[in-house]
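Where a number appears in this text, it was derived from the coordinates with a stated rule and is not lab data. A quick note: this is a predicted structure, and the numbers were derived from the prediction, not measured. So basically every Cβ, Gly included, is an ideal-geometry build from the backbone, and we count neighbours across all protein chains shown.
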Amino acid sequence: MKLVAVGTMAFDSLETPFGKADRIIGGAATYIGLAASYFTKSTTLVSVVGDDFPTEFEKELISRGISLDGVEHRVGEKSFFWSGKYHNDMNTRDTLDTQLNVLENFNPVVPESDREADFLMLGNLTPAVQMSVIEQMTKRPKLIVLDTMNFWMDIAMNDLKSVLKEIDVLSINDEEARQLSGEYSLLKAAKTIMKMGPKNLIIKKGEHGALLFSEHEVFFAPALPLEEVFDPTGAGDTFAGGFIGFLAATQDISFENMKRAIIYGSTMASFCVEKFGTERLLSLDKEQIESRAQQFIDLTQVEINF
């Protein structure tokens, strides 16, 4: 089943308590595509890059079964760039520099051959751009997953509410869920948000795991305790890639299978944060992924006999 993932392909410069990394490759589409590639070989990225984006990295993506037919290359322009510094808790960060460059006038175009894709992952972009991608699909995807952030809630709430009516799964963090819903209780927040359109809601809680809501069910997946977290920058996008990649591979969008997808999304995110940028995602194999997924499962399995 085809998967289309829309988002940024970019450069990041980072500083964390563990060190610094200058102009490493990042971006939502990059992380989503790499994570999904461990489950499905039918992913198309829709993005835009300048002529500074390394062709060797693009070849690496292609070698993993990721199509770049939807990636626009602009000659004489620079790719999107972000620079940030993480605090000691690794959950908060300061943005030091943002250069939109090619992203400033980005109008994504889904290749004709992918407009009947069964799975659509909309990375964090302006809600209007996300809606434009949905409108390009000639057949409604089996599943549409959307990521967003509080910035769009601040400046484009009406557009965001419009696109929420068109999707199946929304993925946000707990702070964003509270802002979007106006509710402090995450259970109340989930009920309010799902009335806006999404049939399912993922609320990410960083080092405290993730919640999956449907109309009548709730599932909680813990986060794996890690000795060291080097770089949390792409964790959310990697989670999304693992989540939708697993669903596309299994072709099952039931709540029960979404629970499994949450575990695999969390598994991929736990690898991502162990190194700077995409380094860890480029060096995995299936055996490592399955072994760590089992660690997640073991965290919550217990036998109780009365």
Difference of contour (0.36 nm per residue) and Cα-Cα distance, D94 to R74: 4.3 nm
Protection proxy ranking of 51-59, 248-256 - average other beta-carbon atoms within 10 Å, highest first: 248-256, 51-59
Cα-centre dipole for region 3-300 with unit charges at Cβ (Lys and Arg positive, Asp and Glu negative), debye to 20: 740
Cα-based convex hull volume of region 154-306 per residue, rounded to whole Å³: 147
Axial C-alpha extent at least 24 Å, average Kyte-Doolittle at least -1.0 - helices from the chain (DSSP): 255-272
The chain - mean residue ellipticity at 222 nm from DSSP helices (-39,500 (n - 2.57) per run, n ≥ 4, rounded to 500): -10500 deg cm²/dmol
Cα gyration tensor shape for region 37-101, rounded if a/c is under 1.5, else prolate or oblate: oblate
Theoretical gain in end-to-end length, Q251 to E274 [0.36 nm per residue, Cα-Cα removed]: 5.3 nm
Too-long pairs where the Cα-Cα distance tops 27 Å, listed order kept, from K78/K286; K85/K142; K78/K199; K139/K165; K2/K195; K85/K191: K78/K286; K85/K142; K78/K199; K2/K195; K85/K191
For region 251-297, diffusion coefficient by Stokes-Einstein and Kirkwood Rh (Cα), 25 °C, 0.890 mPa s, µm²/s: 216
Kirkwood hydrodynamic radius (C-alpha pairs) into Stokes-Einstein, the chain, 25 °C and 0.890 mPa s, D in µm²/s: 127
Gain on full stretching of the segment that runs from M153 to K286 - 0.36 nm per residue minus C-alpha separation: 44.1 nm
Rounded Å value of the spacing that divides the Cα centres of region 262-296 and region 165-225: 23
Overall dimensions of region 1-158 as given by Cα atoms, namely Rg and Dmax in Å: 15.8, 47
Nearest-0.05 FRET efficiency for N305 and R64, computed from C-beta distance (R0 41 Å): 0.35
Among 153-161, 29-37, the order from most to least packed when residues are scored by Cβ within 10 Å on average: 29-37, 153-161
Farthest positive-ward along the chain dipole, Cα basis, beta-carbon charges - from T55, I144, I25: I144
Theoretical FRET efficiency, 1/(1+(r/R0)^6), r = Cβ-Cβ of H208 and E56, R0 41 Å, to 0.05: 0.65
